[in-house]
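Each value in this text was obtained by applying a stated rule to the coordinates, not by laboratory testing. None of the values given here were measured: they were computed from a predicted structure. All Cβ positions, even for glycine, are placed from backbone atoms using ideal geometry, and neighbour counts span all protein chains on display.
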Amino acid sequence: MHRIPAAWVAGLFVLAASLGFGPAVADAQQKTVKIALIAPMSGPWARQGYLKKLGAEMAVDEINAGGGIKALGGAKVELVIADAGDSTEKAKNAAQRLLSQYPDLTGGIGAWLSSFTLAITEVTEREHLPWLTLSYADSITSRGFKYVFQTSPTGGFQAETAVPQILDLAVAANGTRPTTVGIIQDNTAAPMSLTKPLREGGFQKLGLKLVMDEIFTPPLSDATPIVQQVRATRPNFIILGTTAVPDDKLVIEKLNEFGLGKGKVAVIGQGAHLGSPELLKALGPEQLEGLMFISGNWALKGQEELIARFKQRTGEPWFTQDSACGYGEVWILKEGMEKAKSADREKVAAAIHQLDLTSGPAASAFAGGVKFEPNGRRARAVALIVQWQNGVPVTVYPPSVAVAKPIWPKL
């Protein structure tokens, strides 16, 4: 038997690697892992999509600068972005197009508006693509899907936990509990998930009488008829379930014009768009002062260093839910790949289901850390209450992560 010299063997390995036939570890070291982001980059929700993109890009750059996916030999992360546009049809088409163009996608995040997320996850679930979303609708994770992960508390959970807390804030400020409430909302999935359980016995349980209930299809052209209903019924507070900054502006502006703003009727909104810098530019701090909104994520106590990095990098005035979730969700996918030691979709999804993170970059982006229930909802998720104070939207509840104390308007 002839023995092949060791130097020849080494040379053959070098040649094979240079031709693309090297061992699996060499492939892993050269591999780029693709993650998708689908969010509105045009239309009425474009600003929120842009903020989501800023957070995701920051996470990608930090992961790559820190050595990439270490379990995959230092594989770099590449973010692939698609525009969800302004309709569920466009969002779904974006998902189909992305999966066709990039069959090697490992996972994805998006698509901001719950209606869009419901549409695209019908596509991603069929492809077994792990998908993380900040969207609120309960129905996103009540369909028995295995590859969808919801990082925000659902609308139903927000109704169950945040609304009672808001009533307690009113009692603490005024000594009296509100007894009447009005609803102004659009007909998209997220606000419907918040108000549905309230209409179906929730208000009665809380001792509240619903005195006005206005639902519109966005975009809103004129808020006058809706605000006239507020003036006629005079609820103690209003639940504002708009989803786009232009509609926020119309309603709040009209409330102030009719003499119902600035503490005359308390306004409690839902969603991070109500803390948008664009809303401040459009209305000014006086018209927004005291406005509260429920959010699945926001700048928290303990995130000071993370927030400073984000603001220095982007020039944005504060860390919104969109950016915080975009940042954290990319890190969750990274942790899933590290745990799975693979970029295989099914293995990564299974690994994400097993995560229980209380520290590190992924956990730092969310109150309560990162752990998912079997249905894909984030365990320990917290419904935050954010309030405009002195021209800045600040977290005021729960106290463990709040950066300011809440102020209920004197009615």
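Some points to look at:
- Taking Cβ atoms as reference points and 14 Å as the exclusive limit, the residues near MET337 contribute a net charge of +2, counting Lys and Arg as +1 and Asp and Glu as -1.
- Of the residues HIS128, HIS353, the one with the fewest other Cβ atoms within 10 Å heads the list, and the complete ranking is HIS128, HIS353.
- Selected from THR233, THR154, THR106 as most flexible by GNM, with the chain as the system and alpha-carbon contacts under 10 Å: THR233
- When the pairs LYS34/LYS90; LYS70/LYS334; LYS52/LYS371 are compared against a 19 Å limit on Cα-Cα distance, LYS34/LYS90; LYS52/LYS371 fall above it.
- Cα pair distances exceeding 20 angstrom across the stretch 203-344, given as percent: 57
- With a Förster radius of 60 Å applied to the C-beta separation of HIS128 and ASN390, the computed FRET efficiency comes to 0.80.
- Helix 6-18 axis versus longest C-alpha principal axis of the chain: approximately 40°, rounded to the nearest ten.
- Beta bridge orientation in the chain: antiparallel %, DSSP, nearest 5: 25
- For the chain, the percent of C-alpha pairs falling in each 10 Å distance bin, counted from 0 to the bin holding the largest distance, reads 5, 23, 31, 22, 11, 5, 2, 1, 1, 0, 0.
- Amide hydrogen neighbours beyond the local backbone of VAL267, cut-off 5 Å, H modeled: ILE238, MET292
- Amide proton proximity set for LYS209, modelled H, under 5 Å, gap of 5+: THR180, VAL181
- Per residue, the convex hull spanned by the alpha carbons of the stretch 92-135 comes to 56 Å³.
- MET58 sits among other residues whose Cβ lies under 14 Å from its own Cβ, and their net charge, with Lys and Arg +1 and Asp and Glu -1, is -1.
- Remark: spin-label model distance TYR50-ALA71 equals 3.6 nm, labels positioned 7 Å along the Cα→Cβ axis.
- Total formal charge among the other residues, if their Cβ is under 13 angstrom from that of LYS196, Lys/Arg +1 and Asp/Glu -1: -3
- Distance between the stretch 262-301 and the stretch 59-74 - C-alpha centres, whole angstrom: 36
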